[in-house]
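What follows is one structure encoded as structure tokens, with my remarks underneath.
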There are 2 protein chains.
Amino acid sequence: MAASGAGGADADGAAAEPPGFELPLRLLMAFRVLIDEVHAELARQGHPDMRPMHGFVFQAIGPHGTTAADLGRLLGVSKQAAGKTIDGLEQLGYVERHTDPNDARRKLVGLTAHGVDSLVKSAAIFEDVRAKWADRLGADRLRALEEDLRVMTPGDTIHLDMPAWFGGG
Amino acid sequence: MAASGAGGADADGAAAEPPGFELPLRLLMAFRVLIDEVHAELARQGHPDMRPMHGFVFQAIGPHGTTAADLGRLLGVSKQAAGKTIDGLEQLGYVERHTDPNDARRKLVGLTAHGVDSLVKSAAIFEDVRAKWADRLGADRLRALEEDLRVMTPGDTIHLDMPAWFGGG
DNA sequence: TCAGATAGTGAACCAGGTTGTCTATCTGTG
DNA sequence: CACAGATAGACAACCTGGTTCACTATCTGA
């Protein structure tokens, strides 16, 4: 990742950070900065065992619940991997499983009160952080930034597929 | 990660994607879209065994080379992890190690011709993709976006620390 | 009715991190 | 000049969170 002189001058004087490299780097850093802040604040607010990505998982589960296979599809991982994630979240008390009354194969995964609490708090914290961005950038610039990102990213499918490009298998 | 109705309407009618959630999601998706494109094109141009993040590693190594410990610091991982990464890259023929003549403890890690080739091509591809973004968004908007991202991210230290927040350890 | 699709689970495996420990080497200070 | 302490690299054991393969239970459509 990263480069010595991304922000400014490098001892060499040469262009240490070609402009094209800057964009992905900053996108990732921005994501990181934002997520870190939310993660830290969420830990302060009673959810110290949440992982940075769990908020997205909870949002994917949603208020109506889902199943391991659906969650896997949404997250872009195998159903087994989704199942493992659910196992962990279940042990932490964030979700619970119930057999689907209409389909004995399926197990509905739903948020517990604890899980809902974390989701609600995450959303509020995200809002706060976004407000801080609006303060720094100006509301117009932030809206423009969000609009531009929307334009440049596929609108509907949100298969992040983190593992695939990060190296995990 | 992600949510069913990020882009648009959800069957429920409820706000499926609180505005605060949208920002990190889009940042990550944008990063992903960009990296995927570069990665795919790089594979086409003779580097099929490159991992999406390798480009950043190569840039961190830089034209003058580095050491495992320095690389680890720059990447925000342990020196052992950096060493393993270098092992892999060495086997793929992208880097090579030489003992530092001035310090027998250190092993200078430098890019091979193959590594330099991949770095040069990456940079060019990044430029191309950036140009595409400029076409879509307009040069001004893209510059504004980059400027805003720069404002909201720490300027000098680029410790991405991917593993820490992704869950790896 | 029954072949085929789908849900969930377990097992074996892998990648890429972590920490702890060890040796070799350099460096600053008494 | 010697030596305590810092640093570089490597090895081992371990962890997390992915993967695929294989299997059973259940649903569905022809």
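Quick notes
- Computed over the stretch A:10-128: relative contact order in percent, which uses C-alpha pairs under 8 Å that are six or more apart: 24 percent
- Relative packing of A:20-30, B:31-41, B:125-135, which averages over residues the other C-beta atoms within 10 Å, highest first: A:20-30, B:31-41, B:125-135
- Share of carbon and sulfur in the accessible heavy-atom surface of the stretch B:19-166 [1.4 Å probe, %]: 53 percent
- Pairing chain B with chain A buries about 7600 Å² of accessible area. This figure sums both sides and uses a 1.4 Å probe.
- When Rg and Dmax are taken over the Cα atoms of the stretch A:19-166, they come to 17.0, 56 Å.
- Solvent-accessible area per residue for the stretch A:19-166 (1.4 angstrom probe, square angstrom): 46 Å²
- Cross-link partners for A:Lys107 among the lysines, with Cα-Cα distance under 18 Å and sequence neighbours closer than 8 places in the same chain left out: A:Lys79, A:Lys84.
- Lys/Arg +1, Asp/Glu -1 at C-beta; the stretch A:19-166 dipole; positive extreme among A:His114, A:Gln80, A:His98: A:Gln80
- Normalising the average separation of contacting C-alpha pairs (under 8 angstrom, six or more residues apart) by the number of residues puts the relative contact order of the stretch B:32-99 at 17 percent.
The values are calculated or read from the model by the stated rules, or taken from the named source; none is laboratory data. For clarity, every value in this text was computed on a predicted model and none was experimentally measured. Cβ atoms come from the backbone with ideal geometry, glycine included; neighbour counts cover every protein chain shown. What goes into the accessible areas is simple: the full protein's heavy atoms, side chains included, and nothing from ligands, DNA or RNA. Shrake-Rupley method; radii C 1.70, N 1.55, O 1.52, S 1.80 Å.
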